[in-house]
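Please treat every number below as a calculation from the coordinates, not as lab data. Everything quoted here is computed from the prediction, not taken from an experiment. All Cβ positions, glycine included, derive from the backbone under ideal geometry; neighbour counts span all protein chains shown.
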């Protein structure tokens, strides 16, 4: 790595998240590199998804949530008072655990984002381009006007990815994108992630350690534990190069988690 | 006149006692509530009758009365929706727009006289209908968004503002809120005799006049409610006031 600015996508400093009085994640600091796939792994309740949703301010939609600390994307404070949250979410796209296609046609699902920004021309080209990138074009080219919810689960998830590409997302945040899919569809998404990560940053939350091992450049291991008298809450145990974390973890707790699975 | 009041009082007493008796015999609970609602109606309508009688002699009072009604309608609706103070303003605006449009048309065409006797009951009906439309459409909007929150998040994740994402749910919520009125209008005269029609007949109007007034009310409501529902679902926040302070900062003058 050379200078910070060039290679770091997200820089987190002492990020804590609480829901009401309940602290769920305590003082996470890390630098997520630009490009490639960075995975958040760890047991349920360790705060992986909460942390991921801070990276494009989707947590704004959650009542009673409180996020402290500082999160920068390419040197920009995401929570600055004058931050343009809609622009942030366009640049930093999100794919959810269950494919949340819109109740419209395949075509209109992809065109939604660009139309929102007033784009009316060349939509056909854009739709085709995004579907190709998502590896879906061959399957749906003749059924662009079909309702999106009639596609298979795996196709829907690729449609959701194509939708994010249509607003030119520089980053894709993926929250267990394969959890609701069968193995074949899951593999297709995995390959797509790897392809997309060549040109953009992907941050992945996953419970599938084998998958994390296959695709990740960097890994963050989060765990919830009781510390002294405090309530049980998640924190970052270890963050580093994927090979190192998986093959030679520094922290005993990481080793214990990896071997127990 | 006094004799009529006595007769009405006797009839009301008998009706209420008979209803309570039936409930007792049938083993139905909520007798207390029945009594309370009957007595409340008695007190409220008597007071309203006195107020309106006064207004009919002091026409400037009509505006005050309608104004208060509007505020109360917006308050009631917004509470049902669970809206914030800002939403209350929007609900008020939506109701006002629906009522104003309808009332203007009936006044300009001369279908209804510009007198408290005609304007007050008509406008009050419109306010009541618009209030129902605001409540139904607003509650429906928020229910739909809550039920399909994953979809809502999908719009937001593509850069839609909360308001823009809500718009995807607004049309359906507004449509749904209009069905009761459309059904009522469709079935008018067949399944039920609507209130104004019955009232006018009892008051001695000819059936033809009663029908005219009832039609103005029913079709006026369709317009008032479609305006109110459309505006409510587009203006209010589609999600409960969320966005508690996310990143607490050092206190700073706003």
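So if I average 1/r over every pair of distinct C-alpha atoms in the range B:9-69 and take the inverse, what Kirkwood radius in Å does that give?
13.8
Hey, what angle do you get for helix B:2-26 against the long axis of chain B, alpha-carbon based, 0 to 90 degrees rounded to 10?
Compared with the principal axis, the helix lies near 60 degrees.
If you rank B:36, B:217 by fewest surrounding Cβ atoms within 10 Å, what's the result?
So the residues, fewest neighbours to most, are B:36, B:217.
What is the ratio of the Cα radius of gyration of the range A:166-220 to 2.2 N^0.38 Å, with N the residue count, to two decimals?
Normalised by 2.2 N^0.38 Å, the Cα Rg of the range A:166-220 equals 1.08.
For helix A:106-116, what angle does its Cα long axis make with the longest principal axis of chain A, in degrees from 0 to 90 and rounded to 10?
Between helix and principal axis, roughly 70 degrees.
Calculate the radius of gyration of the Cα atoms of chain A to one decimal place, then report Dmax, the largest Cα-Cα distance, as a whole number, both in Å.
18.6, 61
Can you give me the relative contact order of the range B:123-205 as a percent, contacts being Cα pairs under 8 Å and 6 or more apart?
This gives 33 percent for the range B:123-205.
Write down the percent of antiparallel bridges among all DSSP beta bridges whose residues are both part of the protein assembly as shown, to the nearest 5.
Around 55 percent of the beta bridges assigned by DSSP in the protein assembly as shown are antiparallel ones.
Relative contact order of chain B, please, whole-number percent, based on alpha carbon pairs below 8 angstrom and at least 6 residues apart.
25
Sort B:163-171, A:229-237 by the packing proxy (mean of other Cβ within 10 Å over each peptide's residues), most packed first.
My ranking of the peptides, most packed first, is B:163-171, A:229-237.
Considering every residue in B:145-158, what mean count of other chain Cβ atoms within 10 Å of its Cβ is obtained?
Whole-number average of other-chain Cβ neighbours for B:145-158 is 6.
Can you list, largest first and rounded to whole Å, the semi-axes you get for chain B by taking the square root of 5 times each eigenvalue of its Cα gyration tensor?
With the √(5λ) rule applied to chain B, the semi-axes are 39, 24, 20 Å.
Once the convex hull of the alpha carbons of the protein assembly as shown is built, what does its volume come to per residue, in cubic angstrom?
246
How much mean residue ellipticity at 222 nm does the protein assembly as shown get from its helices, if each DSSP H run of length 4 or more adds -39500 (n - 2.57) and you divide by all residues, to the nearest 500 deg cm²/dmol?
Rounded to the nearest 500, it is -18500 deg cm²/dmol.
What does the convex hull of the alpha-carbon atoms of the range B:1-137 project to on average, in nm²?
For the range B:1-137, averaging the hull's shadow over all directions gives 11.2 nm².
For chain A, what relative contact order do you get, as a whole percent, if you take Cα pairs closer than 8 Å and at least 6 residues apart?
26
Mind ranking B:192-202, A:209-219 by how tightly packed they are, going by the mean number of other C-beta atoms within 10 angstrom, highest first?
Answer by packing, highest mean first, reads A:209-219, B:192-202.
Over the Cα atoms of the range B:50-101, each weighted equally, I'd like the Debye log10 I(q)/I(0) at q = 0.19, 0.24, 0.27, 0.29 Å⁻¹, rounded to two decimals.
The computed values of log10 I(q)/I(0) come out as -0.66, -0.84, -0.94, -1.01.
How are the alpha carbon pair distances in the range A:112-261 distributed across 10 Å bins from zero to the largest one, expressed in percent?
The distribution over the range A:112-261 is 10, 33, 29, 17, 10, 2, 0, given as percents.
Suppose the Debye formula is applied to equal point scatterers at every Cα of the range A:36-177; what is log10 I(q)/I(0) at q = 0.17, 0.22 Å⁻¹?
Once normalised to I(0) and log-transformed, intensities are -0.99, -1.37.
For the range A:49-104, report the translational diffusion coefficient in µm²/s to the nearest whole number, using Stokes-Einstein at 4 °C, 1.567 mPa s, and a Kirkwood Rh over Cα pairs.
Answer from the Stokes-Einstein relation: 103 µm²/s.
Can you pull the mean other chain C-beta count within 10 Å for peptide A:61-71?
Counting other chains' Cβ atoms within 10 Å and averaging over A:61-71 gives 4.
Peptide A:105-118: average number of partner chain Cβ atoms within 10 Å per residue?
That works out to 2 on average.
Output the peptides A:76-84, B:97-105, A:173-181 sorted from most to least packed, where packing is the average of other Cβ atoms within 10 Å over each peptide's residues.
Ranking, from highest mean packing down: A:173-181, B:97-105, A:76-84.
I'd like the orientation of helix A:183-196 relative to chain A: the angle between its Cα long axis and the longest Cα principal axis, in ° from 0 to 90, rounded to 10.
Around 90 degrees separate the two axes.
Using bins 10 angstrom wide from zero, how does P(r) for the range A:108-168 break down, in % of all Cα pairs?
24, 60, 16, 0
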